[in-house]
Amino acid sequence: MKQMQKQIKLAKRPVGVPTIADFDFSKAPIKAPADDELLIRAVYISVDPYLRGRMQDTKSYVAPFKLDEVITSGMIGQVVESKSDRFSKGDVIIGNLGWKEYVVASEKAVQKIDPDLAPVTAHLSIIGMTGLTAYFGLLDIGQPKEGETVVVSGAAGAVGSTVGQIAKIKGTRVVGIAGTKAKCDYLLNELGFDAAINYKEEDVPSALETACPNGIDVYYDNVGGEISDAVFPLLNKFARIPVCGSISSYNNVKPDMGPRVQSALIKTSALMQGFTLGDYSERLQEGRTALATWLNEGRLKYEETITEGFDHILDAFLDLFKGANLGKQLVKVADFEK
């Protein structure tokens, strides 16, 4: 085994859109595991929009990354050496681990992956964090009912595409908003959305009026900004708005400004609620079981954009803010060993 490995640290707090200069690429020795620890080879690393928020030194639902420390995110890896009775060499695991080629982790920090439940990478997407976020946000807060209209922004992303499909399973009319014709075609032709709006080429307010002749009952908000502003005038009485993300403002230097939402919420008695997956930590198995069942029944589809190579982790991360990915953005950094 090689003795040195690559790693990525946060060098400084990004201002606006992150750049390569905000990060430190370096090498560090591969450490040996102590008792109850594992040495893990990274195989797939997840990059997600929420990581941008953790690069700011601000109060949030999760602690910010510290400067000069390795960045962490979801990872699928393989045990190289085990000092734990619970894991063996060769086991495939998942956990929130550092951006390193090899990671030493406590046995309590990772879980084994059941390869019979779904394809391995699905544990970072459709039955992992993104799928579970879609499941709980839509069903617990959105509570879609048969015949209602559900609008999803960021609809071709990992969360949005799953939201739309679950909404269809529940018998609703689903309208997706995405940023390219190819993505809109994917929503319509592959995922069965009823309508799709290309926000870069269409006037979103008028397109929404056409796509939602009976108003909007559920708006699953992944982006915020002007797209969300266009939704509020079309809300129906007692509409529900799960607020999952606000990627349109993640890289803003100044506070985001826009129309005020209070009037729209009062007029429609609408519910607008932010959430994170951590709110549902005691119900995760419920979500995994439901998602895996729908997946195995062929009622859910998912896409992955996989970038190859550890050196391209940041390229993949920055592509999220360009809308370059279809479905879940992953980085493959190694192969599994048999």
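The values are calculated or read from the model by the stated rules, or taken from the named source; none is laboratory data. In this text, all values refer to a predicted model and were calculated from it rather than measured experimentally. When we count neighbours, we look across all protein chains shown, and the Cβ atoms used for this are built from the backbone with ideal geometry, even at glycine.
When the residues of region 94-145 are filtered to those that are among the β-branched types (Val, Ile, Thr) and closer than 23 Å to SER82 by Cα, the one that is nearest to the chain's Cα centre (by Cα) is THR121.
Within region 141-155, the set of residues being buried (at least 24 other Cβ atoms within 10 Å of the Cβ) and not in a loop (DSSP other than H, G, I, E, B) comprises GLY142, THR149, VAL150, VAL151, VAL152, SER153. The set of residues in region 245-270 being modelled with pLDDT of 95 or more and either under 25 Å from THR58 (Cα atoms) or charged (D, E, K, R) (or both) consists of LYS267 alone. No other residue among LYS254, LYS237 is within 21 Å of PRO144 (Cβ to Cβ) and not hydroxyl-bearing (Ser, Thr, Tyr) apart from LYS237. Taken over region 292-338, the criterion of being small (Gly, Ala, Ser) and surrounded by fewer than 21 Cβ atoms within 10 Å (Cβ to Cβ) is satisfied by ALA292, GLY298, GLY309, GLY323, ALA324, ALA334.
Residues that are surrounded by fewer than 20 Cβ atoms within 10 Å (Cβ to Cβ) and acidic (Asp, Glu): list the strands (runs of 3 or more DSSP E) wholly contained in region 1-46 that include at least 1 such residues.
On the way: elements: 4-10, 23-29, 37-46.
Filter on region 1-46 gives 23-29.
Can you tell me which residue is surrounded by the fewest Cβ atoms within 10 Å (Cβ to Cβ) among those in region 47-61 that are in contact with a helix residue (DSSP H, G or I) (Cβ under 8 Å, 6 or more places away or on another chain) and touching a residue at least 24 places away in the same chain (Cβ under 8 Å)?
Keep residues of region 47-61 that are in contact with a helix residue (DSSP H, G or I) (Cβ under 8 Å, 6 or more places away or on another chain), which gives 47-49, 51-52, 55, 60-61.
The next check asks that each one be touching a residue at least 24 places away in the same chain (Cβ under 8 Å); those that pass are 47-49, 51-52, 55, 61.
Details: VAL47: 24, ASP48: 21, PRO49: 21, LEU51: 18, ARG52: 18, MET55: 19, TYR61: 12.
Top of the filtered list is TYR61.
The single condition from (1) part of a strand (DSSP E or B); (2) charged (D, E, K, R); (3) in contact with a helix residue (DSSP H, G or I) (Cβ under 9 Å, 6 or more places away or on another chain) that ASP85 fails is (1).
Return a yes/no flag: does region 213-233 have any residue that is in contact (Cβ under 8 Å) with a residue 12 or more places away in the chain, loosely packed, with under 13 Cβ neighbours inside 10 Å and outside the structural domain of PRO115 (by TED's automatic domain parsing). Scanning region 213-233 turns up at least one residue that is in contact (Cβ under 8 Å) with a residue 12 or more places away in the chain, loosely packed, with under 13 Cβ neighbours inside 10 Å and outside the structural domain of PRO115 (by TED's automatic domain parsing). Filtering region 251-288 to residues that are of a type in the set (Val, Ile, Thr), assigned to a helix (DSSP H, G or I) and loosely packed, with under 12 Cβ neighbours inside 10 Å leaves only ILE266.
Going through LEU39, LEU10, LEU67 one at a time, which residue ends up being under 26 Å from THR305 (Cα atoms) and modelled with pLDDT of 95 or more?
Numbers: LEU39 fails: under 26 Å from THR305 (Cα atoms); LEU67 fails: under 26 Å from THR305 (Cα atoms).
LEU10 is the lone residue from the list that is under 26 Å from THR305 (Cα atoms) and modelled with pLDDT of 95 or more.
Please determine whether any residue of region 157-166 is at pLDDT below 95, among the small types (Gly, Ala, Ser) and buried (at least 22 other Cβ atoms within 10 Å of the Cβ). Yes: one or more hits.
Examine region 136-144 for a residue that is touching a strand residue (DSSP E or B) at 6+ places or on another chain (Cβ under 9 Å) and free of Cβ contacts under 8 Å to residues at least 60 places away in the same chain, and state whether such a residue exists. The answer is no; no qualifying residue exists.
Listed residues ALA239, ALA207, ALA195; which is more than 22 Å from LEU132 (Cβ to Cβ), among the hydrophobic types (A, V, I, L, M, F, W, C) and without any contact (Cβ under 8 Å) to a residue 12 or more places away in the chain? Explain how you work it out, then say what you get.
Numbers: ALA239 fails: without any contact (Cβ under 8 Å) to a residue 12 or more places away in the chain; ALA195 fails: without any contact (Cβ under 8 Å) to a residue 12 or more places away in the chain.
Every option except ALA207 fails the conditions.
Only one of the numbered conditions (1) over 23 Å from GLY274 (Cβ atoms); (2) within 20 Å of the chain's Cα centre (by Cα); (3) not charged (D, E, K, R) is not met by VAL159, and that is (1).
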